[in-house]
1. Among the residues of the range B:52-68, write down those that are over 23 Å from the mean Cα position of the chain (by Cα) and touching a residue at least 12 places away in the same chain (Cβ under 8 Å).
2. Failed condition for A:Glu9, given (1) farther than 21 Å from B:Gln114 by Cα; (2) facing chain B (nearest Cβ under 7 Å); (3) more than 10 Å from the ligand (Cβ to nearest atom), with all others met?
3. So, A:Gln65, is that one facing another protein chain (nearest Cβ under 8 Å), away from the ligand (no atom under 11 Å from the Cβ), free of Cβ contacts under 8 Å to residues at least 60 places away in the same chain and assigned to a helix (DSSP H, G or I) or not?
4. When the residues of the range B:94-121 are filtered to those that are at pLDDT 80 or above, more than 8 Å from every other protein chain (Cβ to nearest Cβ) and not in a helix (DSSP H, G or I), which remaining residue is nearest to the chain's Cα centre (by Cα)?
5. Those residues that are more than 7 Å from chain B (Cβ to nearest Cβ) and in contact (Cβ under 8 Å) with a residue 12 or more places away in the chain, I need them from the range A:23-62; list them, please.
6. Residue under question is A:Tyr14, and the condition is that it be farther than 18 Å from B:Val122 by Cα and assigned to a helix (DSSP H, G or I); does it hold?
7. Tally time: how many residues in the range A:24-41 are more than 12 Å from the ligand (Cβ to nearest atom) and surrounded by 15 or more Cβ atoms within 10 Å (Cβ to Cβ)?
Amino acid sequence: MFECKDVAEEASNYLDGDLPLGKRVGLFLHLVYCSCCRRYLQQIRQTISTVNILRPQEQHDTDTQALAEKLRMLSKTES
Amino acid sequence: MKKVASLNQLDEKALIDKLIEGDAAAFEFVVDRYHSIMLSVARAIIGEAFADEVVQDAWVSAIKALPRFEGRASLKTWLLQITSNGAKTRLRRESRQLSLDDGWQAEPDYKFDQRGHRIDDVLPWNIDTPDALLENEQLRQVIETTYQKLPPQQRAVLTMADMEGLEMKEICNILDISASNARVLLHRARTALHHSIEKYQES
Ligand SMILES: [Zn+2]
């Protein structure tokens with residue numbers, strides 16, 4: 001029996017299509033009568049698309065321009 | 001900035017040719033585009049301390065090997081693989097299977113009753129399109145901060161899966177973890193971000 005708690009645990013696997021058939025059906029049936037979980041899944045989906053658009057970046061203090069130039073010089077000596 | 005953006009349109013073969021020719025804009029473009037994902041992978045494998053060094057070395061090896069790049073994988077996957085190999089060599093042999101049996105929960109117990117039903121309603125978000133979310137500077141900040149606070153492995157899996165669109169198989173390969181570990185890490189990362197958006201919506 002799928003409960004809200006299970007939906008919270010398996011949300012990503014469900015959305016990514018990585019859930020075995022039995023569980024998939026169980027989760028789907030739960031969604032039919034539980035609006036909370038429908039909303040929860042929708043929000044997880046929305047979280048994913050937000051991250052995809054926002055593209056947060058690793059923090060670092062590398063001077064990427066200097067690195068690019070260093071690599072370019074290196075490639076010259078290589079060829 | 002413009003010339004970098006226009007490079008985006010070039011196909012990968014053309015980009016690599018430009019790199020081999022020593023085109024400065026091409027170098028800036030690839031470093032700009034890939035440095036932070038490479039760092040993400042290195043940090044996930046060996047942690048903060050050696051990550052910078054591993055990535056610098058990976059760049060150097062990649063540039064040296066570039067004329068032999070065959071394009072069987074995408075440039076991105078190839079760079080990440082070189083980074084991963086470097087990090088793993090650095091790490092030497094150590095068990096890579098994570099123990100994920102640490103009592104983590106997608107949602108805290110108090111949100112459910114004994115039978116696992118939700119006690120309170122899941123509240124609708126009042127900002128409900130990604131575009132609206134993004135126009136909200138405060139929320140952008142919340143998401144950035146949460147992302148940066150994620151454990152490095154979660155961050156790396158999230159970056160590769162949800163931002164870079166890599167296949168699960170590739171991600172497992174690059175981080176040298178099992179598919180079930182990768183899925184758990186991904187779900188934890190998404191859940192953490194969901195929590196932070198939820199908390200923001202409630203405040
Ligand atoms: Zn439910």
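The values are calculated or read from the model by the stated rules, or taken from the named source; none is laboratory data. On a predicted model such as this, the values are computed, not experimentally measured, just so you know. FYI the Cβ positions are ideal-geometry reconstructions off the backbone, even for glycines, and counts take in every protein chain you see.
1. B:Ala65, B:Leu66, B:Pro67
2. With respect to (1) farther than 21 Å from B:Gln114 by Cα; (2) facing chain B (nearest Cβ under 7 Å); (3) more than 10 Å from the ligand (Cβ to nearest atom), A:Glu9 is out only on (1).
3. Here the answer is yes, as A:Gln65 does meet what is asked.
4. The qualifying residue nearest to the chain's Cα centre (by Cα) is B:Pro108.
5. Residues satisfying the conditions are A:Lys23, A:Gly26, A:Leu27, A:Leu29, A:His30, A:Leu31, A:Cys34, A:Cys37, A:Leu41, A:Arg45.
6. yes
7. Here the count works out to 1.
To keep it simple, each residue is scored yes or no on (1) modelled with pLDDT under 95; (2) of a type in the set (A, V, I, L, M, F, W, C); (3) buried (at least 16 other Cβ atoms within 10 Å of the Cβ); (4) in contact with a Ser or Thr (Cβ under 9 Å, 6 or more places away or on another chain).
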| residue | (1), (2), (3), (4) |
| --- | --- |
| B:Leu123 | yes, yes, no, no |
| B:Asp128 | yes, no, no, no |
| B:Glu135 | yes, no, no, no |
| B:Gln154 | no, no, yes, no |
| B:Ile171 | no, yes, yes, no |
| B:Ser180 | yes, no, no, no |
| B:Thr191 | no, no, yes, yes |
| B:Lys199 | yes, no, no, no |
